[in-house]
Every structure is written in C-alpha cells, then in structure tokens.
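K.L.:
This is the structure, below, for whatever I ask next.
The values are calculated or read from the model by the stated rules, or taken from the named source; none is laboratory data. Quick caveat: nothing in here was measured; it's all calculated off a predicted structure. Positions of Cβ are backbone-derived with ideal geometry, glycine not excepted, and every protein chain shown enters the neighbour counts.
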Amino acid sequence: MLETVDVGTQDLDFYERSAGAEAVAQLRELAAPLEGARILHVNATPYGGGVAEILRSEIPLLRDLGILADWKLITGDQTFFSVTKAIHNGLQGAARELTPPEQETYLTHSARNAQVLEEEYDLVVVHDPQPLALLWLHGKGASRWVWRCHIDTSEPNPQVWDFLRPYLEGYDTTVFTLGSFAPPDVPVERVEIIPPAIDPESPKNFELDARLASRLLRWIGVEVERPLVTQVSRFDPWKDPLGVIAAYRLVKSEVPGLQLALAGSMALDDPEGWEIYRQIQESAKNDPQIHLFTNLTGVGNVEVNAFQRLSDVVIQKSIREGFGLVVSETLWKETPVVAGRAGGIPLQVQGGAGGFLVDSVEECAEKTLRLLRNPEEGETLGARGRELVRSRFLLTRLIADELRLYGALLGAQQPRTTVAKVGLAGEERDPVCGMRIDPRQAPEYEYRGHPYHFCSESCREQFRATPEYFLRATSYRS
Ligand code: UDP
C-alpha cells in the first residue's frame, strides 16, 4: 500500500465565519451528488510546501462533505528525490537536463510506487511531477485520472519535458494554476485552470491574539518592538533568499534597527533545501539581526502565523513561482507584501491591493523602505489584500472548483446555479487567472471574434498584451 497521511477532522460550518454562509451552502450542493465517491490525492511529501499545506486542509473538508477522500504519498530515497527536484527545476525552465541513469531512477521508483497502489478509487488526483508516471505504470483501471500541476511549466526545459510528456497520456484532465502555465503541447484533451487557495481556519491562518503572537516571536529571539521584515519560504533558489538578504541590507542602511527573519521549511521531497540553507547561513553570519528559522527548529504553523501578522512587511522575492500561497496567507492578516512579479503572485497583488510587485533587489529594497516609512499606506494595502483573498483565494472557492471538475469527470448531476460573490460565479472563467466570473458584469475583450471575460481590468490588460500566451489551456480555445 502507498503510505497514507493522517489528517485531522474539520467541520465545514466553521467556514461560514470567513467565507460566508453562501459559499458553504454551495459546497454542500456541489458535493451532494458526489457522496460516497472514492477520491485519492497523491503527492510526494506530507509537509513543507504549498501542496501539503492544501491537502492537509482539503482532505478533512472533503470527508465532511461525504466524499471518501484519501491522501497518500509516493516514497523514494534521496537519489529519487534529487532526480524529482531536477525535474521540478527543469519544468520551471532550468537548463540542467536529465541523464539516462536519472531517468532510470525516476522510472524504477515510480514502478515500485505504482505496484503498491492497490486500492480502487473513482478518481485519482496526482500532484506535480514526482508521482506523474504512476498512471502509465499502474494502468488506468476503472478510475478517472487528473494531473494537478502546481508549478510554472510554461517554458519547460525541452529535454525534461520530452521525457515526462509521454507519461501524461491517458490522464483525463490536467489542472494548472494559470492559463499561461500549460505547456503548448500538453497531450491531454481537457485542460483546466484552478488557482490554489488558503485555509482561513487552519492554525497558520486563524485569528491569533497580538499579545500571544508577540510572546511566540519573543520566545524564538525576535524583538517585536523593532522593525521586522520576513520571508517565509522553502529554502529554494527560485525563492531568492540571497536576494532578500541583499535587499534587507540596502534597507538597513536607512533603518539601522531593522531585523530580517527568514523562515524556511524543509520538505521531504526537496533535498536542495539544506544546501540553500548553508548558503543563507554563510551570507547572514555576521549580522545578528538576521534570524534564520526552520520547521525543524521550532517554527511551525502558529509561529508562521505570528510572523505574517507582526512583520511590518513580508517579502516574497520569488523569481519563479507556482502560486505563492504565502502571499495570500500574509494578506489575510492584512500585512502588506513586497513580492516578485512571478507566477501566481500578480493575481494576489493587483489593483492597489496587497502591496508591491518588484523585479529586482533594488526595487524590493525601495518598496520595503517605502512601506516601513509609510505604515498607513501598508495598512490600506493590507486591508484591501484581505478582501481580495476573501473573494478569491479561500479554500471554499478552491474546493468548489474542484468539486465541479470531479462532478464533470464522474458524471454527477450538479446544480449550475451561480453565486457571483465569494468567487463562486458561473461557469465562465477568466483565461488569465482562472476565476469563475459572471460575464454579464465582467470586463470584456474580443479576440479573434470571441468575447473573453475577466475578473478585473488588470487581468484584461495582461490578456490584451499576449492573448495566445493565456489561451494555451484548451478549455479556452474557441
Ligand atoms: N511554510 C511553512 N513554514 C516555513 C516555510 C513555508 O509552513 O518555514 C509554508 C507556507 O506557509 C506555505 C507553504 O509552506 O503554506 C509554501 O507554499 P507556497 O505556495 O508559497 O510555495 P511552495 O513551497 O509550494 O513553492
């Protein structure tokens, strides 16, 4: 058997507080025809990174909705996970190719995992490239299969993509975070766009009293009375932690008491993490005001909650990004962000909400300094950011999108009623961000005789600039 991840229980009714009663009621309607459906989610790590974060919250809610949902892991040794990290990097465009022995390692481990996938499911959702070859090696059986890709695969390394692509054949659907992430020649008929979301009721995001948050940070050595900027991320070169330190140094020359916290989680499937950790340690070693934390040294969900709440500015200086859950997590606490213009981050920081998008160390420093000097501006951006997250990036919206997809794949008769609020609008979607929108009220742009609708002017403008880039997802091709 594949290893099962133990999760807690959750009551959907709690979400009425954060997402509203309408969103909760709609989830129940969408789930009713799927009651008793056996749905498996498979990934490579139970902690560290956004996928584990989402599944830990989503599985209990699916169960509360009457679905027989399981979360299982593929397993492998360090060599396997070094190869899968190279594949991850290659899909994000890194130049490094896979050697024949690496390809062999990937397939041997995948075959072993496929052999121990024994139970029957109606639907199997495979997350990211690590378990991608399971379908090919296991056989489809009577299940429907979905490949849910969380990373930016818009310009993959051709050699890595050519190696992986054949293993996608047979999937019923692929799901990407953004329209532009789908590679041009994905060999699957149905391509869906569903942006991820945060869980407002998890320990990472639930309300946390400011005094308690201060005590938590003091306990680990942060002086909460002094200015604090933070980045919370896996230790990964694409998250540019060394760029964050460089930006912090520029700001610090103007704000001498400034502290920087870098909180990074190690993931089971990310052996690169320790190497990056050492590089950060080396770069930070002469500055006692740089605090370096990991999930292995006491910074867990509640501490991350405290950091995102009490920091003056949260930086997310990604160079490549999938979605960047940390941005929505931070905005939910009304803290402003300065973030790299990468992947799904511009969906979360847009139209005067959330903070600033940056493209360089200097810009990152400049915007961070601006927010430190103008806290009222930061408050306004943070408050607007929270509303953007509430309307688009809460777990209830994500699960609604997924239930619609599961219903379509399993032939369930679901209601087609629309609720424009809380991100649960009708069936038409914004081709840039994947949000369901009400076409009667949404900004429109006609391209090649077809009207496309958008959640915002910002998405429409992005589409106008490069329409073909966003029309890679076949569901949008007219
Ligand atoms: N995270 C954490 N502790 C850390 C660093 C990260 O719990 O020290 C969490 C973070 O709060 C977020 C997830 O890991 O929920 C990272 O997701 P994101 O989408 O930002 O990036 P990914 O790691 O998936 O590329």
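K.L.:
Pick from Leu260, Leu250: which is at pLDDT 95 or above and farther than 13 Å from Thr230 by Cα? Write out each step before concluding.
P.N.:
Working: Leu260 fails: farther than 13 Å from Thr230 by Cα.
Only one candidate qualifies: Leu250.
K.L.:
Return a yes/no flag: does the range 208-226 have any residue that is at pLDDT 95 or above, surrounded by fewer than 23 Cβ atoms within 10 Å (Cβ to Cβ), farther than 22 Å from Pro46 by Cβ and touching a Pro at 6+ places or on another chain (Cβ under 7 Å).
P.N.:
Looking through the range 208-226, none of the residues is at pLDDT 95 or above, surrounded by fewer than 23 Cβ atoms within 10 Å (Cβ to Cβ), farther than 22 Å from Pro46 by Cβ and touching a Pro at 6+ places or on another chain (Cβ under 7 Å).
K.L.:
Go through (1) more than 14 Å from Asp269 (Cβ to Cβ); (2) touching a residue at least 24 places away in the same chain (Cβ under 8 Å) one by one and return the number of the condition Gly48 breaks.
P.N.:
Unmet for Gly48, out of (1) more than 14 Å from Asp269 (Cβ to Cβ); (2) touching a residue at least 24 places away in the same chain (Cβ under 8 Å): (1).
K.L.:
Residue check, Asp70 against (1) in a helix (DSSP H, G or I); (2) surrounded by 17 or more Cβ atoms within 10 Å (Cβ to Cβ); (3) among the charged types (D, E, K, R), all met but one. Which one?
P.N.:
Answer for Asp70: the failing condition is (1).
K.L.:
Are any residues in the range 450-478 over 22 Å from the mean Cα position of the chain (by Cα) and at pLDDT 85 or above, and if so, which ones?
P.N.:
Selection gives His450, Pro451, Tyr452, His453, Glu457, Arg460, Glu461, Arg464, Ala465, Thr466, Pro467.
K.L.:
Considering every residue within the range 171-190, establish whether at least one is more than 13 Å from the ligand (Cβ to nearest atom), in contact with a strand residue (DSSP E or B) (Cβ under 8 Å, 6 or more places away or on another chain) and among the small types (Gly, Ala, Ser).
P.N.:
Looking through the range 171-190, at least one residue is more than 13 Å from the ligand (Cβ to nearest atom), in contact with a strand residue (DSSP E or B) (Cβ under 8 Å, 6 or more places away or on another chain) and among the small types (Gly, Ala, Ser).
Per-residue answers, yes or no, for (1) outside any loop (DSSP other than H, G, I, E, B); (2) within 16 Å of the ligand (Cβ to nearest atom); (3) surrounded by fewer than 19 Cβ atoms within 10 Å (Cβ to Cβ):
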{"site": "Arg112", "(1), (2), (3)": "yes, no, yes"}
{"site": "Leu117", "(1), (2), (3)": "no, no, no"}
{"site": "Val125", "(1), (2), (3)": "yes, no, no"}
{"site": "Gln130", "(1), (2), (3)": "no, yes, no"}
{"site": "Trp147", "(1), (2), (3)": "yes, no, no"}
{"site": "His150", "(1), (2), (3)": "no, yes, no"}
{"site": "Val160", "(1), (2), (3)": "yes, no, no"}
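K.L.:
Return yes when Arg234 is over 20 Å from Glu282 (Cα atoms), surrounded by fewer than 24 Cβ atoms within 10 Å (Cβ to Cβ) and of a type outside the set (S, T, N, Q) and no when it is not.
P.N.:
Numbers: over 20 Å from Glu282 (Cα atoms): no; surrounded by fewer than 24 Cβ atoms within 10 Å (Cβ to Cβ): yes; of a type outside the set (S, T, N, Q): yes.
No: the conditions fail for Arg234.
K.L.:
Let me ask something additional. If I ask for residues that are closer than 19 Å to Gly49 by Cβ, surrounded by fewer than 21 Cβ atoms within 10 Å (Cβ to Cβ) and in contact (Cβ under 8 Å) with a residue 40 or more places away in the chain, which ones from the range 277-293 would you list?
P.N.:
Once the filter is applied, which keeps residues that are closer than 19 Å to Gly49 by Cβ, surrounded by fewer than 21 Cβ atoms within 10 Å (Cβ to Cβ) and in contact (Cβ under 8 Å) with a residue 40 or more places away in the chain, the range 277-293 yields Tyr277, Ile280.
K.L.:
A further question follows. Considering only residues that are in contact (Cβ under 8 Å) with a residue 24 or more places away in the chain, in contact with a Phe, Trp or Tyr (Cβ under 9 Å, 6 or more places away or on another chain) and part of a helix (DSSP H, G or I), which ones fall in the range 370-406?
P.N.:
Those that are in contact (Cβ under 8 Å) with a residue 24 or more places away in the chain, in contact with a Phe, Trp or Tyr (Cβ under 9 Å, 6 or more places away or on another chain) and part of a helix (DSSP H, G or I): Leu371, Leu381, Gly385, Arg386, Val389, Arg390, Leu395, Thr396.
K.L.:
Determine if the range 244-259 includes at least one residue that is assigned to a loop (DSSP other than H, G, I, E, B), buried (at least 20 other Cβ atoms within 10 Å of the Cβ) and more than 28 Å from the chain's Cα centre (by Cα). Talk me through it step by step, then tell me what you get.
P.N.:
Within the range 244-259, the subset assigned to a loop (DSSP other than H, G, I, E, B) is 253-258.
Subsequent filtering for residues that are buried (at least 20 other Cβ atoms within 10 Å of the Cβ) retains 258.
With the extra rule that they be more than 28 Å from the chain's Cα centre (by Cα), the set shrinks to 258.
Yes, that holds for at least one residue.
K.L.:
Which one is nearest to Pro256 (Cα to Cα), of the residues in the range 322-365 that are more than 16 Å from the ligand (Cβ to nearest atom), without any contact (Cβ under 8 Å) to a residue 60 or more places away in the chain and of a type in the set (D, E, K, R)?
P.N.:
Applying the first criterion (more than 16 Å from the ligand (Cβ to nearest atom)) to the range 322-365 yields 334, 336, 350-353, 356, 358-365.
Now restrict to residues that are without any contact (Cβ under 8 Å) to a residue 60 or more places away in the chain: 334, 336, 352-353, 356, 358-360, 363.
Next, from what is left, pick out any that are of a type in the set (D, E, K, R): 334, 359, 363.
On the way: Glu334: 25, Asp359: 24, Glu363: 19 Å.
Ranking the qualifying residues of the range 322-365, first place goes to Glu363.
K.L.:
Looking only at the range 325-344, filter to residues that are more than 28 Å from His88 (Cα to Cα) and not hydroxyl-bearing (Ser, Thr, Tyr); which one of those is surrounded by the most Cβ atoms within 10 Å (Cβ to Cβ)? Let's see the steps before the verdict.
P.N.:
Taking the range 325-344 first, the residues more than 28 Å from His88 (Cα to Cα) are 332-336.
Subset that is not hydroxyl-bearing (Ser, Thr, Tyr): 332-334, 336.
Working: Trp332: 26, Lys333: 22, Glu334: 20, Pro336: 31.
It comes out as Pro336.
K.L.:
Tell me which residues, restricted to the range 300-324, are among the aliphatic types (A, V, I, L, M), surrounded by fewer than 24 Cβ atoms within 10 Å (Cβ to Cβ) and in contact with a strand residue (DSSP E or B) (Cβ under 9 Å, 6 or more places away or on another chain). Quick ask: steps written out before the conclusion?
P.N.:
Restricting attention to the range 300-324, the residues satisfying the condition of being among the aliphatic types (A, V, I, L, M) are 302, 304, 306, 310, 313-315, 319.
In the following step, the residues that additionally are surrounded by fewer than 24 Cβ atoms within 10 Å (Cβ to Cβ) were identified as 302, 304, 310, 319.
Listed by number, the residues that qualify are Val304, Leu310, Ile319.
K.L.:
Would you point out the residue of the range 90-105, among those that are in a helix (DSSP H, G or I) and in contact (Cβ under 8 Å) with a residue 40 or more places away in the chain, that is surrounded by the fewest Cβ atoms within 10 Å (Cβ to Cβ)? If you could, list the steps in order and put the result at the bottom.
P.N.:
Taking the range 90-105 as the starting set, the residues that turn out to be in a helix (DSSP H, G or I) are 90-91, 100-105.
With the extra rule that they be in contact (Cβ under 8 Å) with a residue 40 or more places away in the chain, the set shrinks to 90-91, 103.
Details: Gly90: 23, Leu91: 25, Gln103: 16.
Per the stated criteria, the residue is Gln103.
Yes/no per residue for (1) of a type in the set (Val, Ile, Thr); (2) in the same structural domain as Gly170 (by TED's automatic domain parsing); (3) more than 26 Å from Glu155 (Cβ to Cβ):
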residue: Lys85; (1), (2), (3): no, yes, no
residue: His88; (1), (2), (3): no, yes, no
residue: Gln115; (1), (2), (3): no, yes, yes
residue: Tyr121; (1), (2), (3): no, yes, yes
residue: Val124; (1), (2), (3): yes, yes, yes
residue: His127; (1), (2), (3): no, yes, no
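K.L.:
Say whether the condition of being assigned to a loop (DSSP other than H, G, I, E, B), touching a residue at least 12 places away in the same chain (Cβ under 8 Å) and more than 16 Å from the ligand (Cβ to nearest atom) is met by at least one residue in the range 202-217.
P.N.:
Checking the range 202-217: not a single residue is assigned to a loop (DSSP other than H, G, I, E, B), touching a residue at least 12 places away in the same chain (Cβ under 8 Å) and more than 16 Å from the ligand (Cβ to nearest atom).
K.L.:
Moving on. Just for the range 286-319: of the residues that are modelled with pLDDT under 95 and more than 9 Å from the ligand (Cβ to nearest atom), which one is nearest to Ala94 (Cα to Cα)?
P.N.:
Ranking the qualifying residues of the range 286-319, first place goes to Leu296.
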